[in-house]
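So the structure is just underneath, and the comments pick up after that.
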Amino acid sequence: MGSDVAAGFSCKPETGDPEKPILFAAAQIFICAGERCRSCHPGDLAGSVRELVKAMGCDNGDDRIKVTRTGCNGACRYRAFAYAYQNGNAKSYSRATSFSAWKRVHEWTDEQWKELISSLREGRVSEALREFRVEDKVYY
Ligand code: FES
């Protein structure tokens with residue numbers, strides 16, 4: 001995300017940033033950029049969401065939210081598809097929001113993305129996004 005890359009690598013930062021350890025995040029949002037989902041949002045949706053995360057000040061520190069672009073997740077029927085995991089060690093972690101899957105995210109406004117980001121940081125289930133949530137089952 002804008003860092004200089006070490007020689008011989010495609011994404012290893014040349015200089016590590018302690019505020020952005022590469023594998024740490026309080027939550028991570030995965031946005032599908034597979035062919036079928038991309039046909040719904042030909043632009044760079046993950047890049048746009050990263051900009052929102054940054055504008056909200058959620059790109060640094062202990063409550064960092066990370067956004068990752070993925071290939072096909074085998075869930076094309078929900079296009080455009082996205083999902084999120086919370087870090088089990090995050091202070092906002094809750095079992096109810098540890099995983100969430102989302103459909104038709106290409107229809108989302110910036111406000112709806114901000115709602116997802118806020119709800120992940122606060123560890124709450126978003127009622128405002130309920131119509132887009134893909135039903136999931138938690139196995140105990
Ligand atoms: S292309 Fe997105 S789930 Fe298949």
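The values are calculated or read from the model by the stated rules, or taken from the named source; none is laboratory data. Predicted model, so just to flag it, every value in this text is computed and none were measured. No Cβ is skipped: glycine too gets one built from the backbone with ideal geometry, and neighbour counts run over all protein chains shown. Each accessible area value is taken on the protein alone, full model and side chains, heavy atoms only, with ligands, DNA and RNA left out. Shrake-Rupley method; radii C 1.70, N 1.55, O 1.52, S 1.80 Å.
With a simple spin-label model that places each label point 7 Å from the Cα along the Cα-to-Cβ direction, the separation between LYS91 and GLU111 comes to 2.9 nm.
Close amide-amide hydrogen proximity is noted between ALA33 and THR70, GLY71, each under 5 Å apart and 5 or more residues distant or on a separate chain (H modeled in the peptide plane; Pro and chain starts excluded).
Report in % the part of the accessible area of the range 27-134 that belongs to carbon and sulfur, leaving out ligands and nucleic acids; probe 1.4 Å.
Carbon-and-sulfur percentage of accessible area, whole number: 45.
What whole-number value in Å² describes the accessible area per residue of the chain for a 1.4 Å probe? All intermediate terms of the calculation are to be shown ahead of the outcome.
On the way: 8330 Å² over 140 residues.
It amounts to 60 Å² per residue over the chain.
In µm²/s, what is D for the range 27-134 at 4 °C and 1.567 mPa s, where D = kT/(6 pi eta Rh) by Stokes-Einstein and Rh is the Kirkwood radius from Cα pairs? Display every interim value, and only then the final one.
Numbers: Rh = 13.7 Å.
Here the translational diffusion coefficient equals 95 µm²/s.
Between LYS54 and ARG77, the FRET efficiency from the beta-carbon distance, with R0 = 41 Å, is close to 0.85. Charged neighbours of GLY47, selected by a Cβ distance under 12 Å, balance to +1 (K, R count +1; D, E count -1).
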